[in-house]
Amino acid sequence: MRFERKVAFVTGASSGIGRACAFRFREEGASVFAVARREDRLRASFEDYAVADVRVDAGVSAAVASCVERFGRIDYLINTAGVIGNGGILDTPPEEWERVMSSNVDSVYCVTRHVAPHLIKQGGAIVNVSSVTSLRPYGNLLGYCTSKAAVDMFTQCVALELAPHKVRVNAVNPGVVVTELHTVTGTVPDYDAFLERSKSTHPLGRVGQPEDVAALCAFLCSAEAGWITGGIYSIDGGRALLSAR
C-alpha cells in the first residue's frame, strides 16, 4: 500500500471531499487524523480525530498537537474545509465576505502554519482543495472566486518556500462535485436541477464525485508524484475549457 506507516492530517473530514480523502488515504495504508466541526460524524467514521474550527488558531494548534502525540509525525496535509456563498459586489455584506474568506483562506493558512514544521521533518506533501472558480470568474460568486484564487496563490508561494525542505505543495481545482457544499447553505434552491444542468456545463457529461478528487489528492501525495510541486490541477470534467454559460 502506498501510504503504509504514513500519517495524513485531513481537514473537513466529516463530509464530501474531505471524508472521501480520509477514506482513500486510510484504504491505502495511512493512519488518518480527521478534523472537522461535527463530532457525531467524526466519531462514526474515524478512530483518531479532533473537533476543531480550522479558522481558530488555538483549536488548530491543539488538533495538530493531538495528532503528533498520537502518531509521532505528520506526512500529508489535505486542506479541504471550506464554504460557498452567493453574492456580488453590490450585495455581499462585510460579514459574508469575512465568512467566506476566513473559511476558505484563513483556515488554509492557519492549518498549514501549524502542520508545516512536522512535514519538514518527513519531507511530506500538502494538497489544498481549491476550485474551478479560481481559474475564471463566475457571476454572483465574488467571495468564493476570490477566496479560491487566493488558495491557488497561497499554494504556489508555500510550494516555493518549502521546496528546499523537500515538502511538495499542490492544489486541485474541482468543478461541480456532489457534496453538501451547496445544500447546507442553500446557495442552490433546486439542487437536483442544478446537478442535471451541470451535466451540460462539464464536457465529459457528468458532475464529479468526491472519490474522483480524493484519487487525485492521493496521487499528488504519492512517490509517483515526487517531482511535482506548485501545481494547480483542474479536475472538472473539462468545465474550465468552456466559455461562461
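Where a number appears in this text, it was derived from the coordinates with a stated rule and is not lab data. Owing to the predicted nature of the structure, the values given are computational and were not obtained by experimental measurement. Every residue, glycine as well, gets a Cβ built from its backbone with ideal geometry; the counts of neighbours run over all protein chains shown.
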Please report 46, 33 as a ranked list, fewest other C-beta atoms within 10 angstrom at the top and most at the bottom. 46, 33
Rounded to whole angstrom, the alpha-carbon centroid of segment 1-44 lies from that of segment 163-189 at a distance of 15 Å
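How much length, in nm to one decimal, is gained on full extension between residue 206 and residue 193, taken as 0.36 nm per residue of separation minus their Cα-Cα distance? Before the final figure, lay out the partial values.
Values: separation 13, 0.36 × 13 = 4.68 nm, distance 1.32 nm.
So the chain would gain 3.4 nm between residue 206 and residue 193.
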Per-residue counts of other Cβ atoms within 10 Å, averaged by peptide: what ranking do you get for 85-91, 103-109, 63-69, highest first? 103-109, 63-69, 85-91
Work out the FRET efficiency for residue 120 and residue 47 from their Cβ-Cβ distance, taking R0 = 25 Å, and round it to the nearest 0.05. 0.40
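What is the sum of charges, Lys and Arg at +1 and Asp and Glu at -1, for the other residues whose Cβ falls under 14 Å from the Cβ of residue 120? Mind dumping the intermediate values first?
Working: positive: 73, 113, 121, 166, 168; negative: 75, 161.
Overall, the nearby charge balance is +3.
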For segment 36-141, what is the convex hull volume of the alpha-carbon atoms per residue, in Å³? 118 Å³
Label residue 160 and residue 5 with points 7 Å out from Cα along Cα→Cβ: what is the distance between them in nm? 3.6 nm
Could you put 97, 227 in order, starting from the residue whose Cβ has the fewest other Cβ atoms within 10 Å? 227, 97
Using alpha-carbon coordinates alone, the radius of gyration and Dmax of segment 7-239 in Å work out to 16.8, 49
If the viscosity is 1.306 mPa s and the temperature 10 °C, what Stokes-Einstein diffusion coefficient in µm²/s follows for segment 146-245 when Rh is the Kirkwood radius over Cα pairs? 105 µm²/s
Likely footprinting exposure, 182, 118, fewest C-beta neighbours within 10 Å first: 182, 118
Under a straight-distance cross-link criterion of Cα-Cα below 14 Å, which aspartates and glutamates are reachable from residue 166, leaving out those fewer than 8 residues away in the same chain? 75
